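J.: Quick one: this structure, given as structure tokens, is what I'll be asking you about.
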Amino acid sequence: MPKPKPAFSHLDATGAAKMVDVGHKPVQLRTATAAGELVCQCATIRLLRAQALPKGDVLAAARLAGILAAKRTDELIPLCHGLPLDSIAVDFTVRADRVLISATARTSAKTGVEMEALVAVTIAGLTLYDMMKAVDKTMVLGAVRVTAKTKV
């Protein structure tokens, strides 16, 4: 006897992709934090710390890019719900050979904000990459993951 197929919330009875109906869920305060890192050459980090990169204040630009991207997540991820973000914070920790990136998103909604936090981290990282690639062609953006989520 064949095993029954699992019911996936993003597939209809025919197997076609669909947006999940969250209309029945209660509005709750939801937060999610994501993290990632951009591994760089140590010389690149020294230029970053000295604010001597050719494209200016790359951390400020990357922070704004991450915030803007989080606000548009539903336009980037096909089955993502549009969420009214209460806040989005993007932060950086500069180490000797990498920039650690974190983003925390908060909403009062019927579904979570993990995707918004992940998109913020990824776009902030890509912006750093774009703004530093003139001095470092070896950078690697990675380890992007959800590190925390809550709902109240």
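J.: Just give me the residues in region 104-151 being surrounded by 19 or more Cβ atoms within 10 Å (Cβ to Cβ), closer than 21 Å to Pro78 by Cα and of a type in the set (A, V, I, L, M), in sequence order.
T.: Selection gives Ala105, Ala109, Val113, Met115, Ala117, Leu118, Val119, Ala120, Val121, Ile123, Ala124.
J.: Report, by residue number, each residue of region 123-148 that is in a loop (DSSP other than H, G, I, E, B) and of a type in the set (S, T, N, Q).
T.: Here is the first cut: in region 123-148, the ones in a loop (DSSP other than H, G, I, E, B) are 133-139.
Residue satisfying the conditions is Thr138 alone.
J.: For region 26-53, enumerate the residues that are over 24 Å from the mean Cα position of the chain (by Cα) and not aliphatic (A, V, I, L, M).
T.: Result: Pro26, Cys42, Arg46, Gln51.
J.: Quick check on this structure: which one of Ala62, Ala32, Ala43, Ala69 is among the small types (Gly, Ala, Ser) and either at positive phi or in contact with a strand residue (DSSP E or B) (Cβ under 6 Å, 6 or more places away or on another chain) (or both)? Show your work before the answer.
T.: Details: Ala62 fails: either at positive phi or in contact with a strand residue (DSSP E or B) (Cβ under 6 Å, 6 or more places away or on another chain) (or both); Ala43 fails: either at positive phi or in contact with a strand residue (DSSP E or B) (Cβ under 6 Å, 6 or more places away or on another chain) (or both); Ala69 fails: either at positive phi or in contact with a strand residue (DSSP E or B) (Cβ under 6 Å, 6 or more places away or on another chain) (or both).
Exactly one residue qualifies, and that residue is Ala32.
J.: Given the conditions (1) in contact with a Cys (Cβ under 8 Å, 6 or more places away or on another chain); (2) without any contact (Cβ under 8 Å) to a residue 12 or more places away in the chain, and given that Met115 satisfies all but one, which numbered condition is not satisfied?
T.: Unmet for Met115, out of (1) in contact with a Cys (Cβ under 8 Å, 6 or more places away or on another chain); (2) without any contact (Cβ under 8 Å) to a residue 12 or more places away in the chain: (2).
J.: Would you check which residues across region 72-103 are touching an Asp or Glu at 6+ places or on another chain (Cβ under 8 Å) and at pLDDT 95 or above and list them?
T.: Within region 72-103, Thr73, Leu85, Ile88, Arg98, Val99, Leu100, Ile101, Ser102, Ala103 qualify.
J.: Go through region 37-106 and tell me which helices (runs of 4 or more DSSP H), entirely inside it, have 3 or more residues that are among the small types (Gly, Ala, Ser).
T.: On the way: elements: 42-49, 58-71, 73-76.
The helices (runs of 4 or more DSSP H) meeting that bar are 58-71.
The values are calculated or read from the model by the stated rules, or taken from the named source; none is laboratory data. None of the values given here were measured: they were computed from a predicted structure. Note: ideal-geometry Cβ built from the backbone for every residue, glycine included; neighbour counts use all protein chains shown.
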